[in-house]
1. Give me the one-decimal nm value for the distance between modelled label points at A67 and S94, 7 Å along each residue's Cα-to-Cβ direction.
2. Write down the radius of gyration of the stretch 94-142 and its Dmax, each obtained from C-alpha positions, in Å.
3. Taking every pair of distinct Cα atoms and averaging 1/r, then inverting, what Kirkwood hydrodynamic radius in Å comes out for the stretch 48-120?
4. Beta carbons within 10 angstrom, averaged per residue: use that to sort the peptides 68-77, 46-55, highest first.
5. Mind checking the alpha-carbon convex hull of the stretch 80-217 and giving the volume per residue in Å³?
6. Counting Lys +1, Arg +1, Asp -1, Glu -1, what net charge surrounds S418 among other residues with beta carbon under 11 Å of its beta carbon?
Amino acid sequence: MDQSRHLLINGVVLNGRPDFLKPLDEHHHRIRKGFETGELEVRTNDETIRNLSTKLSNPAILDVEFASIPQKRISAGASTSQLPENLSKNRQKSILPYEDTRVMLHPTRKNPHGYINASNVQVPIGDRFFKYVLTQAPMKNTVEDFWNMVWESGSRIIVMMANHTIEQFSIYWPIKSKEKLTFGDYSIRQQSCTNTRNLITTIMSMKSLSSGEKRVIYHLSYSGFRQDFDGVPNSIELFLSFIDAVNSVKRHIENEKPRDVDSGVFVTASGTASRQNSRNRSRSISRISLLDVTNRMRSHSVEHNSIWKRKLTLSSSGQQSTSSTNSDTSTASSTASSNNNNGATSYRPDVTLEQQPPIIVHCLDGSADSGIFILVELIVHCIENNVSVEIAKLLRLLRQQRAALIRSPMQYRFVYESILVYLQRSRLI
């Protein structure tokens with residue numbers, strides 16, 4: 001296997017899917033059949049909103065539902081994380097990656113097991129996967145491993161849930177204009193930075209010193225958390241805007257991608273495009289502007305929103321809703337179901353599963369706060385793709401891949417509230 005693509009799920013893969021996801025295929029088939037036979041109830045936006053409102057009006061229901069979801073997969077081992085040489089690489093003893101979903105880096109003399117406290121999380125929606133790497137914030141002794149992971153995974157987007165003071169995070173990215181940091185084989189230079197309310201977006205150039213290859217990396221940090229609550233964002237609207245910003249960058253990256261299979265490599269040291277994607281790229285990294293990206297994608301989002309006057313599917317438990325636009329997504333495990341539509345497409349249809357690198361998401365320990373982002377974002381994508389989903393079952397699926405996502409009933413309630421606001425907002429468009 002090419003070293004640049006060595007990062008993998010350390011488990012058995014069946015037909016391109018890890019074995020622990022196999023039951024999802026069967027469930028997905030049953031749900032799809034339900035749509036074809038009319039056995040599944042289709043509800044309007046108003047009905048979906050009423051169902052979510054009913055659950056939110058009775059906190060006891062949500063508390064019981066949240067308590068019923070296992071915190072972790074009991075049968076999963078975590079042996080590599082507990083090796084003596086790896087113990088210092090874990091922020092918390094209780095937040096460890098499962099052996100079969102842990103990110104495995106290319107082994108080096110410094111890191112012979114290729115260990116990093118990070119988990120591959122994949123959620124299928126339709127015939128695609130929505131891919132993430134959930135990890136803890138880098139520490140001084142793991143920063144080099146972190147950037148190795150960014151490079152090997154081909155990831156272009158880092159999402160940071162900053163629910164702590166900056167002093168609790170090791171500064172692993174350049175925060176000053178044109179600043180350059182070097183970690184192992186990689187140098188990272190800031191290209192631009194924008195700071196809006198609770199959101200800091202930094203565009204960086206990442207260079208492999210050994211090969212000369214360069215990539216553009218987008219770092220989006222969200223800091224809008226309440227100080228008196230257990231990891232709950234202080235504004236639903238601002239949090240949804242943050243998710244929108246992440247997806248604007250994601251669409252920008254996908255729209256720029258050439259057809260060649262590539263993990264995000266752009267320019268070699270000589271200034272010529274790298275062998276994977278050279279000829280289709282004329283824009284230099286130094287000219288990329290975040291304002292350029294977000295402004296261009298805002299108009300794209302409005303076009304998508306105008307298509308939302310469609311019916312939503314809601315599973316019989318009343319836990320989730322879905323609307324349409326065909327963006328690249330992934331779905332809820334035991335709760336996913338796809339209703340193919342021919343609406344606008346956020347992602348290039350020719351981009352295959354293997355061509356789509358994960359988004360790297362981290363909070364301090366890579367669990368609770370990261371879970372809020374990934375759960376809300378996945379549900380939003382299910383809504384856009386007209387996919388039925390149950391929030392509880394989706395969270396259960398996520399915890400089967402990384403433990404302890406979503407820390408408290410308050411965070412769980414915030415997820416419900418966010419989706420309700422999202423649906424109400426879309427209804428007005």
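What follows is calculated from the coordinates using simple rules that are stated; it is not laboratory data. Keep in mind it's a predicted model, so treat the numbers as computed, not measured. Heads up, the Cβs are rebuilt from the backbone with ideal geometry, glycines too, and the neighbour counts pull from every protein chain shown.
1. 1.7 nm
2. Over the stretch 94-142's Cα set, Rg and Dmax evaluate to 12.8, 41 Å.
3. 15.0 Å
4. 46-55, 68-77
5. 142 Å³
6. Neighbourhood net charge equals -1.
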